[in-house]
1. I'm trying to understand the selection: among the residues of the stretch 95-122, which are over 20 Å from Asp51 (Cα atoms) and part of a helix (DSSP H, G or I)?
2. Take Arg167 and tell me if it is part of a strand (DSSP E or B), touching a residue at least 24 places away in the same chain (Cβ under 8 Å) and touching an Asp or Glu at 6+ places or on another chain (Cβ under 9 Å).
3. When you scan the stretch 27-40, how many residues do you find that are farther than 30 Å from Arg79 by Cβ and surrounded by 24 or more Cβ atoms within 10 Å (Cβ to Cβ)?
4. Out of everything in the stretch 41-70 that is of a type in the set (Gly, Ala, Ser), touching a residue at least 40 places away in the same chain (Cβ under 8 Å) and over 20 Å from Ala470 (Cα atoms), what residue ends up being surrounded by the fewest Cβ atoms within 10 Å (Cβ to Cβ)?
5. Just to be sure, is Glu67 under 26 Å from Leu428 (Cβ atoms), in a helix (DSSP H, G or I) and of a type in the set (Asp, Glu)?
6. Gly479 versus (1) assigned to a helix (DSSP H, G or I); (2) open to solvent by less than 30 Å² (accessible area, probe 1.4 Å); (3) away from the ligand (no atom under 14 Å from the Cβ): which is the lone unmet condition?
7. Among the numbered criteria (1) of a type in the set (Phe, Trp, Tyr); (2) out of contact with any Pro (no Cβ under 9 Å at 6 or more places or on another chain); (3) away from the ligand (no atom under 15 Å from the Cβ), which single criterion is violated by Phe48?
8. Considering Thr418, Thr393, Thr422, which residue is surrounded by 21 or more Cβ atoms within 10 Å (Cβ to Cβ) and over 24 Å from the mean Cα position of the chain (by Cα)?
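The values are calculated or read from the model by the stated rules, or taken from the named source; none is laboratory data. Being a predicted model, the structure only gives us computed values, none of them experimental. Neighbour counts run over all protein chains shown; Cβ positions are idealised from the backbone, glycine included. What goes into the accessible areas is simple: the full protein's heavy atoms, side chains included, and nothing from ligands, DNA or RNA. Shrake-Rupley method; radii C 1.70, N 1.55, O 1.52, S 1.80 Å.
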Amino acid sequence: MVVVGAGNAALCAALAAREEGASVTVLERAPWAERGGNSRFTMAAMRFAYDGLDDLREVATGLTEEEVEASDFGTYPARRFVEDLERTGGGRANPKLVEILVSESRRTLRWMRGHGVEFVPLYTGQAFEVDGKRRFWGGLTLQARGGGPGLVAALERAAERAGIETRYGCRAVSLRVEGGAVRGVEVEEASVRRVLDADSVVLASGGFEANGDWRRRHLGEGWEEAKVRGSRYNTGDGIRMALEIGAGRAGQWSGCHAVAWDLNAPEVGNLEVRHRYQKHSYPLGIVVNARGERFLDEGADFRNYTYARYGREVLEQPGRLAWQVFDARVAHLLRDEYRKRHATRVEAESLPELAERLDGVDGEAFLRTVGEFNAAVRREVRFDPSVRDGRSTRGLALNKSNWANPIEEPPFEAFAVTCGITFTFGGLSVDRHARVLDGGGRPIRDLFAAGELVGGLFYDNYPGGSGLTAGAVFGRLAGRGAGRFDA
Ligand SMILES: Cc1cc2nc3c(=O)[nH]c(=O)nc-3n(C[C@H](O)[C@H](O)[C@H](O)COP(=O)(O)OP(=O)(O)OC[C@H]3O[C@@H](n4cnc5c(N)ncnc54)[C@H](O)[C@@H]3O)c2cc1C
């Protein structure tokens, strides 16, 4: 069998197919140096359902007593994972896919553990210290050791051990169909086209986020200007190939995951800096546009439940830019990415001085905004970043719902951001076995799909850390189904 792509979903599919006894070839469009797709750019945070410490230990087998003692991991029952997917998707997520994703999440991470992926607590950005304990606040507790590069390297090692061949610099261009079943893939390798025969094919080649024309066509005007956070190679090939042979579309084709991303980040992802161009501590401060106005509720919810839709909000502002502003009281709480050399940052000892340094911003309006904001903060409510603390503003046209701290203690810092697109939400229609469905809802024989190019799970928004888990869960199912044919 053939797997198209060599990111997280693809490698999980390849491993699962091999377990079924299939002989597997993985095709990767990128050269070896740029391998690993978007999966390699991540911090490999993976959301899964767990009912307590025993469940966590099954996945994070190296959890130490000191870590347990010093942490409040809480629980994340399946019911909450389902609720989070339903709530962030406005009730539109495909319930069959949601049910599989949630119910298979822990089992799948355990299976990955069996293939050498180690999981460790994700203290950075997902836990705040409260009363001497690091308390996890957002249902997202573990990451693969070594982040995205560690995750991909572990899966690659497992694939190599299992005798799976990966061909880099090999781009799939079309699917070959015989008698109604998929029987191979046409590829382009070093400018030469040829057909690779296969008894079944898994498509796991990502969404269309790196395709400016498709972004403009499907997401709308202006999206061609968004920066691409990850791989330059996810241009929708797998989706196009499947649509050409009659696959059905699913999910929100006008929707995507997009975040606040450093204004001066490169046009496509950089494997040295990876995810660190993101700026995810906005719940602790305020965000203003070029008019010096706030335009979103920075504290509407925990970062995990708002960050994926706030990139769009920034894209819609004049000049497609915004500044995140913080004062000295929260400086120690800012995530690591704010302390990197590449961050576009200004600092000032007074607000008027800061106003002058905010490039492209109406300074007078900015000072007015801060003054009104500070006056509206409900100071009598205790600030606690580890819960939705209800410390809001009162009486503003656009209130901040939680974690409202006045911007008044110098030094002040501000960070310039624009929109960075992560991945697209629209894609192929699949069933609960990861089989690709045709326009009439019938499985296309011997064609499977997993990862970003599957539609139906996410709409408008997304609970952080779900993408890799979805890729792994459906990748494993796709590989099982595709591999069985061969066995
Ligand atoms: C900066 C950043 C941080 C993120 N952080 C997280 C996180 O912490 N947790 C989380 O869950 N999600 C995170 N995500 C989202 C996550 O990366 C994706 O959901 C996930 O990696 C998608 O996996 P995939 O296997 O579907 O695609 P990918 O990993 O992108 O793999 C697709 C592969 O297909 C290849 N390909 C494309 N076209 C072809 C073709 N024609 N022929 C052959 N190969 C082809 C590509 O080169 C690529 O290697 C992040 C994304 C980014 C960009």
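1. Pro95, Lys96, Leu97, Gly114
2. yes
3. Going through the stretch 27-40 one residue at a time, the tally reaches 6.
4. In this case the residue turns out to be Gly62.
5. Criteria not met by Glu67.
6. (3)
7. Condition (3) is where Phe48 drops out.
8. After applying the criteria, what remains is Thr393.
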